[in-house]
Amino acid sequence: MSNTLGNKDLSQSEEEQYELQDGDPDQIKSVSVAHATIRIKLARMLDTFLDGKTWKLLLGVPAYLFDGKEDVPAEYKRPVQPDLMVVCDRSKLDAKSCKGAPDLVIEVLSPSNRENDEIRKFDLYERAGVREYWMVDQKPRRVYVCLREGDGFSNVVHMYREKDKLPVSVLPGCVIDLEQVFADL
């Protein structure tokens with residue numbers, strides 16, 4: 001089997017990376033070490049809090065935000081794959097995905113996805129009914145939190161700096177120490 005797409009070597013390109021899906025090349029976006037580290041630390045903290053509780057933390061799982069809703073435009077029928085999400089209603093989960101809006105969605109911003117997360121996904125998460133949306137910014141080290149108020153996110157975006165403690169609104173009692181999240185990056 002060839003590792004080429006046209007004249008491109010699929011195994012050697014750092015700018016464009018591909019993996020084979022059912023024999024066809026599919027472009028993937030790699031994340032930085034800092035991005036992966038932040039995601040792991042947040043997952044560890046949330047998982048520790050959720051241990052023994054009914055809520056579910058998911059990483060790398062697709063979410064069909066508008067599943068079961070009628071009159072949804074075609075572009076909203078495609079799944080999104082947040083860096084992390086917490087689902088409080090386990091009936092939304094099947095063996096492979098989340099069907100409907102997660103309660104908490106966390107996206108770690110990267111130069112390659114920043115606009116997508118700040119604009120397109122913000123709009124999708126707001127329309128779908130996500131209750132809490134975090135955008136974790138690696139530089140400067142901040143977390144922007146959007147909370148649901150009525151039919152959409154509040155006009156107030158809460159900003160937390162790297163030395164702050166961030167309360168998770170949808171998980172009463174859960175507080176994330178951002179100094180630990182951003183340490184050693």
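Each value in this text was obtained by applying a stated rule to the coordinates, not by laboratory testing. On a predicted model such as this, the values are computed, not experimentally measured, just so you know.
What ³J(HN,Hα) values, in whole Hz, does the Karplus curve 6.51 cos²θ - 1.76 cosθ + 1.60 give for segment 128-141 when θ = phi - 60°, with x put for Gly and Pro?
Result, rounded to whole Hz: 6, x, 4, 7, 8, 10, 10, 10, 9, 9, 6, 9, x, 6.
For segment 148-185 and segment 60-75, compute the distance between their C-alpha centroids and round to whole Å.
26
Give or take rounding to whole Å, what are the principal axis extents of the alpha carbon atoms in segment 31-182, in descending order?
Between the extreme Cα coordinates on each principal axis of segment 31-182 lie 44, 36, 31 Å.
Nearest 5 is fine: what % of DSSP beta bridges in segment 31-182 come out antiparallel, could you say?
75
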